[in-house]
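The structure under discussion appears below in the form of structure tokens.
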Ligand SMILES: [Fe+2]
């Protein structure tokens with residue numbers, strides 16, 4: 001009698017169903033206050049159409065007055081068409097987010113926060129037939145009050161685990177310095193589809209595909225006032241800088257822009273292209289957002 005062949009499990013690519021079509025992702029640079037939410041409202045439907053976007057990620061940690069994101073603003077941004085909202089060191093600045101984030105599958109905080117912190121550091125989404133993992137990591141240099149675990153040690157392990165069950169991995173690296181960002185870019189080249197920098201709110205001109213196929217950019221910019229300091233009213237920010245006396249920052253409505261990056265991800269889980277977007281937005285009808 002012929003010996004039975006051992007059962008061979010189908011390949012992972014069959015199990016998860018690789019899509020032959022690339023998936024196009026729009027990452028929206030940090031939303032600063034109500035002017036930033038206004039930009040999403042005005043620009044996102046057009047951008048989605050013009051750039052054939054399948055999936056939208058936005059950094060929302062400054063959506064509530066520039067410092068943190070409250071529950072209501074997170075719901076509003078999600079309803080405006082943002083699939084995933086990420087947040088860095090300011091994730092818990094608004095108290096209601098601490099209880100809202102564990103219940104909200106569209107919100108992600110940094111994976112290298114202490115184990116057991118409210119919320120998740122990565123989540124799974126489906127877009128264009130692909131199973132995507134979105135991960136957020138905080139950098140270590142430059143943050144004065146936050147001391148997360150080492151992202152450079154964490155990501156290789158996390159990515160190898162996520163690759164078993166996902167078609168592609170997108171990383172939002174929320175860090176202060178381009179040096180730290182570049183370190184992670186080259187360490188993880190070929191292991192993830194994209195590493196998109198955030199936090200500095202200054203759109204950088206260094207978007208590129210590395211040799212292993214990973215799309216990278218140092219910073220995806222801001223969504224809000226181009227003329228504000230970090231998107232906020234300049235005189236108040238100058239005063240704080242000169243005197244070190246804390247004062248409440250003010251939202252600013254001068255020269256609004258939605259900034260970010262578009263990444264096309266292929267069936268190999270790497271990137272075909274990356275380019276930045278700048279979409280000027282008028283302040284028309286701003287009162288309806290200014291409640
Ligand atoms: Fe930040």
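Below is a table of values for the structure above.
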{"read-out": "Pairs where the first residue, in region 39-61, is farther than 14 Å from residue 280 by Cα and the second is assigned to a helix (DSSP H, G or I) and at pLDDT 95 or above, C-beta under 8 Å, 6+ apart", "value": "53/47; 56/44; 56/48; 58/40; 58/77; 60/73; 60/74; 60/77"}
{"read-out": "Subset of region 112-138 [assigned to a loop (DSSP other than H, G, I, E, B), within 15 Å of the ligand (Cβ to nearest atom) and more than 19 Å from residue 67 (Cβ to Cβ)]", "value": "112"}
{"read-out": "Tally, over region 28-51, of residues that are surrounded by 24 or more Cβ atoms within 10 Å (Cβ to Cβ) and more than 18 Å from the chain's Cα centre (by Cα)", "value": "2"}
{"read-out": "Region 187-205 - residue that is in contact (Cβ under 8 Å) with a residue 24 or more places away in the chain and surrounded by fewer than 21 Cβ atoms within 10 Å (Cβ to Cβ) and, of those, farthest from the ligand (Cβ to nearest atom)", "value": "190"}
{"read-out": "Which numbered condition residue 164 fails, given (1) more than 16 Å from the ligand (Cβ to nearest atom); (2) farther than 26 Å from residue 39 by Cβ; (3) within 17 Å of the chain's Cα centre (by Cα)", "value": "(3)"}
{"read-out": "Of the criteria (1) in contact (Cβ under 8 Å) with a residue 40 or more places away in the chain; (2) away from the ligand (no atom under 16 Å from the Cβ); (3) assigned to a loop (DSSP other than H, G, I, E, B), which one residue 169 fails", "value": "(3)"}
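Condition check ((1) touching a helix residue (DSSP H, G or I) at 6+ places or on another chain (Cβ under 7 Å); (2) surrounded by fewer than 18 Cβ atoms within 10 Å (Cβ to Cβ); (3) under 12 Å from residue 35 (Cβ atoms)) across all residues:
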{"position": "207", "(1), (2), (3)": "no, no, no"}
{"position": "237", "(1), (2), (3)": "no, no, no"}
{"position": "243", "(1), (2), (3)": "no, yes, no"}
{"position": "249", "(1), (2), (3)": "yes, no, no"}
{"position": "265", "(1), (2), (3)": "no, no, no"}
{"position": "268", "(1), (2), (3)": "no, yes, no"}
{"position": "284", "(1), (2), (3)": "no, yes, no"}
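The values are calculated or read from the model by the stated rules, or taken from the named source; none is laboratory data. The model shown is predicted, which means the values in this text are computed figures rather than measured ones. Positions of Cβ are backbone-derived with ideal geometry, glycine not excepted, and every protein chain shown enters the neighbour counts.
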